[in-house]
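Engineer: Take this structure, written in structure tokens, and hold onto it; I'll ask about it next.
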Amino acid sequence: MSGAVARVGALAGRASELSRARWFRVCFGLLLVGLAVWAVLSQRHQVADALSQLSPGWVVVAALATVVNVALAGMVWRTLLADLGSRLSLQVAARIFFVGQLGKYLPGSVWPVVMQTELGRDHQVPRRRTATATVVSMLLSVLSALLVVLIALPFAPEALPSGFGWAVLLIVPLAVVLHPAVMGRLVDRALKIVSKEGLPERTSGRGTLAATLWAVGSWVGAGLQVWALSVPLGADANVSTALLLIGGYALAWAVGFVVIIAPAGAGAREVALAAVLSTVLDSHGEVVVVVLISRVLFTAVDLLAAGAGILTARRHRISA
């Protein structure tokens, strides 16, 4: 763990000087937006065919659930950053988090850390603190996702499809690592290796618990998105199915995060989600429709959230 944080810090340090240049930020931002847009446009024909099979009302419900997921994920990061000593307004936090999140469309999970670290420095947030909050929020997202799976299992055993039981076993080491005493020591040691300066603040038990609750709420939103897309295709519109898909999506995301080679978990997440969806939908074609539209909705909301973050932060600076 300390080695991973050290590598993140070293990469952020090397990118520091270059990222100060406005031309670099503009070009890099356009690249990320282009990749996200391409992820949608490259499948536009399949998306159009898939949407024709869905009820517009249910698509709107799914879109709203997606917004809930993305917004609460931002609250996880903001809560952790405040716990470390930097309490940001919602507008500023939105700019740093949501714009930085576009980095996940590049291969590897390090890019959101690098981007949010540099954006945080624009608002006088120490780079070490931002990097710590981002790394901890990533690990907390995986832990909370697996917690949601465990909570859903008694009500919907199908949330854990065959072949994916190994993912739930990660909850024990993750819970140990995320304990404030353990995480504080690991991050502090990693930072001393990189910059010879440790982390003056550490996450607290109260802050970690608050961030975990936000994270659990975000998985509820994600699962309800998939449920809203599945109901018009034949899935039962009941609580049992909703719980199954909430747990199933959380598991799929955790699997996608572990497979960090793919941009934003592409591929691995869809395989796991398709395995869960096959228990509530009759045909493979219906499963493909839900998986495809789900991915497109998340990408579209990521782009909208980044744009909204930029606009609200700019208005905040002007009014100030």
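Engineer: Residues in segment 253-270: is at least one at pLDDT 85 or above and over 28 Å from residue 89 (Cα atoms)? If you could, list the steps in order and put the result at the bottom.
Structural biologist: Step one: filter segment 253-270 for residues at pLDDT 85 or above, giving 253.
Filter once more, keeping what is over 28 Å from residue 89 (Cα atoms): 253.
Yes: segment 253-270 contains one or more residues that are at pLDDT 85 or above and over 28 Å from residue 89 (Cα atoms).
Engineer: Of the numbered conditions (1) farther than 26 Å from residue 298 by Cβ; (2) part of a helix (DSSP H, G or I); (3) at pLDDT below 70, residue 197 fails exactly one; give the number of that condition.
Structural biologist: Among (1) farther than 26 Å from residue 298 by Cβ; (2) part of a helix (DSSP H, G or I); (3) at pLDDT below 70, the lone unmet condition for residue 197 is (2).
Engineer: When segment 114-155 is examined, which residues are found to be touching a helix residue (DSSP H, G or I) at 6+ places or on another chain (Cβ under 9 Å) and either part of a loop (DSSP other than H, G, I, E, B) or of a type in the set (D, E, K, R) (or both)?
Structural biologist: Across segment 114-155, the qualifying residues are 118, 121, 122, 123, 125, 126, 127, 128, 129, 153, 155.
Engineer: Under 7 Å between Cβ atoms, which residue pairs at least 6 apart in sequence (or on different chains) link something in segment 71-94 that is assigned to a loop (DSSP other than H, G, I, E, B) with a partner that is acidic (Asp, Glu) and surrounded by fewer than 24 Cβ atoms within 10 Å (Cβ to Cβ)?
Structural biologist: 85/201
Engineer: Yes or no: residue 63 assigned to a helix (DSSP H, G or I) and within 24 Å of residue 210 (Cα to Cα)?
Structural biologist: Here the answer is no, as residue 63 does not meet what is asked.
The values are calculated or read from the model by the stated rules, or taken from the named source; none is laboratory data. Only a predicted model underlies this, so the values are computations on that prediction, with no experimental measurement involved. When we count neighbours, we look across all protein chains shown, and the Cβ atoms used for this are built from the backbone with ideal geometry, even at glycine.
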